[in-house]
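Taking it in order: structure first as structure tokens, then the write-up.
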Amino acid sequence: MAESLIAAGNQPWFDVANGILDRRIYSDHKIYQQELERIFARAWNFMCHESQLPEPGSFFMNYIGEDQVVAVRDRDGAVQVLLNSCPHRGNTVCRAEQGKTNSFLCSYHGWNFDLNGRLVGMPGEETFYRDAIDKTRWGLASAAQVQSYKGFIFATMDPAAPPLEDYLGWVGRLGIDMLASQGDMVVLDGVVKNRLKCNWKLAVDNLYDWYHVKVSHGSALRIGMLTEESMAPDDQMVILGEYGHGIGGPGLSEAQFAEFQARMASGEGEAQWYDIQARRRLDPRIQEILGPVGTRSLGHPNIFPNLWIALTRQVCLRIPRGPFETELWWFTFLPKNANDEERRTTVFMANHLFGPAGLLEQDDGENWSHSTRGAQGAVTRRLPLNFAMGKGLDRVEEDPSGQHRIETVVNEHGQRWTYQSWQEWMQAESWEDLMANHSPAPKGEV
């Protein structure tokens, strides 16, 4: 185990058996640097959606950890992911966040790169370099692998990473399917971005947290923007997958879903909080894609490390900006054939729930920032954090289809799985080591 991963008393940062976390993982600069290398530089990172790269030359700027990259569709129609750093002096070769181009030109000395990142020319190639530079060696560095799933484009910097679909597993694929199965999806113009003074992991583990809702989001409940039944239901379903992927939040029991189907068929009975979300799941095609367990899940998927897929037809990247700051990027999706009313409703919800002006995320951001500050004090940083809710009190149930789930009340299973997986990523020396020693999805008592 790497030295920086040993806490006081030669104990790991996360005590898996007891659900106790050393909060220094939110403030230690060495740990943060190791996260960039062992998690972000290894993992499959979401880059953009294929609708954002409609034709050759279309590009979208993103990050892998703190490495700025540009996803661009080349002249053959393939997607390249290039590091946005000129090999001459390291200057960026692309300043726009999104657009279309024929090539990338460094504004410092004029080195020019094609859509595949190849160096195609520079000023003074004959006069100053005297034809003594091998341009084939000095192109833009690129991601080791670029693949897509259901239109979601991912990249990894590690050539040893397994194929994307293997990395996602059925839980990661299910999370994307929950959005992609709704139709031919496109990303609406305008990715909403803001920074919060918090560690990126706090923004990740909160998506599984349904314990905070009645307290943190009490104002949203009081004004009636959302009902208590929809914001904080007691019926919860947790689905855990390899490498840290998971889905956590509300879920319908088999009996509830059967009652819902009967009520929708007859048109009789009292409406429930889950009707709007569950109505999409009546489509047999979607049920086949999601499977019997996925059909009943109304929770929040997270694709490890940092891609949240929200039921508001949004996805959010939590991009690290040092141990004490995180940049949040909100992408809003809509079916290509959506009518004007559906578009207005989707945009309204996207603007008013999440993002810098969102009623919910303003509450969350305050909490995450103060939690991060609490990890920096000389005394408070030494005090452990309790993630033991529901520990040892629930069981993983397996469906005949092979899908598994934990059906329970509000819990912290998703958070514990996130930190257990985080620790395994950080301990692994290579992808080979990670694949050999990571924990499989849990079975039995959790």
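Results for (1) surrounded by 14 or more Cβ atoms within 10 Å (Cβ to Cβ); (2) of a type in the set (Val, Ile, Thr); (3) assigned by TED's automatic domain parsing to the domain that holds MET237, shown as yes or no for each residue.
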| position | (1), (2), (3) |
| --- | --- |
| ASP74 | yes, no, no |
| ALA78 | no, no, no |
| CYS86 | yes, no, no |
| GLY121 | no, no, no |
| THR127 | no, yes, no |
| ALA132 | no, no, no |
| LEU140 | yes, no, no |
| PRO159 | no, no, no |
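The strands (runs of 3 or more DSSP E) located wholly in region 48-141 that include 1 or more residues which are under 29 Å from THR326 (Cα atoms) occupy 58-64, 67-73, 79-83, 98-100. When residues in region 270-295 are screened for being in a helix (DSSP H, G or I) and either more than 26 Å from GLY241 (Cα to Cα) or not small (Gly, Ala, Ser) (or both), 17 of them pass. Of the residues making up region 27-68, those that are farther than 20 Å from TYR243 by Cα, out of contact with any strand residue (DSSP E or B) (no Cβ under 7 Å at 6 or more places or on another chain) and in contact (Cβ under 8 Å) with a residue 24 or more places away in the chain are SER27, ASP28, HIS29, LYS30. Listed here are the helices (runs of 4 or more DSSP H) enclosed by region 342-446 that have at least 2 residues being of a type in the set (D, E, K, R) and at pLDDT 95 or above: 413-427, 431-437. Pairing residues of region 373-394 that are surrounded by 14 or more Cβ atoms within 10 Å (Cβ to Cβ) with residues that are assigned to a loop (DSSP other than H, G, I, E, B) and aromatic (Phe, Trp, Tyr), at Cβ distances under 8 Å and at least 6 apart in sequence or on separate chains, gives GLN376/PHE324; MET389/TYR211.
Counting residues in region 25-46 that are in a strand (DSSP E or B) and touching a helix residue (DSSP H, G or I) at 6+ places or on another chain (Cβ under 8 Å) gives zero.
Among the candidates ASP134, ASP74, the residue that is over 30 Å from PHE304 (Cα atoms) and acidic (Asp, Glu) is uniquely ASP134.
The values are calculated or read from the model by the stated rules, or taken from the named source; none is laboratory data. Worth saying up front: this structure is predicted, and the values here are computed from it rather than measured. Ideal geometry is used to build each Cβ from the backbone, glycine not excepted, and the neighbour counts take in all protein chains shown.
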